[in-house]
1. Are there any pairs with C-beta distances below 9 angstrom linking a residue in segment 25-38 that is at positive phi to a residue that is of a type in the set (F, W, Y), with the two at least 6 apart or on different chains, and if so which?
2. Are any of the residues in segment 64-71 under 18 Å from the mean Cα position of the chain (by Cα) and not acidic (D, E)?
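What follows draws every value from the coordinates through simple rules; no lab data is involved. All figures in this text were calculated on a predicted structure; none of them were measured in a lab. Cβ atoms come from the backbone with ideal geometry, glycine included; neighbour counts cover every protein chain shown.
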Amino acid sequence: MRYISWVLHKPLIRTLLFFMMGIYFGMFIALFLHGNQLDQLHIKNAQLQKELNDNKLYISSLEQEKKNENKTN
C-alpha cells in the first residue's frame, strides 16, 4: 500500500487556501461597499411583508363580513 504524504498535496492545499481567502476577502469588500443598500433593502422588505400581512387580514375580514351578510339575507 502506498503512503501518500502531505508534502505531495502542499501545492493543492496552498491553492485552495488562497482561493478561499480570495472568496472571503471579496465578500467583505462587497459588504463594505454595498452594506448600507442591503440594510435598506431588508428594512423595506420587512415593511412590505407587514403591509402584505395587514392586507391579507383586511381581505379575510371583508370576506367574513360578506359571508355574514349573505347568511342574514
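1. Pairs that qualify, where the first residue is at positive phi and the partner is of a type in the set (F, W, Y): there are none.
2. No, the conditions are met nowhere in segment 64-71.
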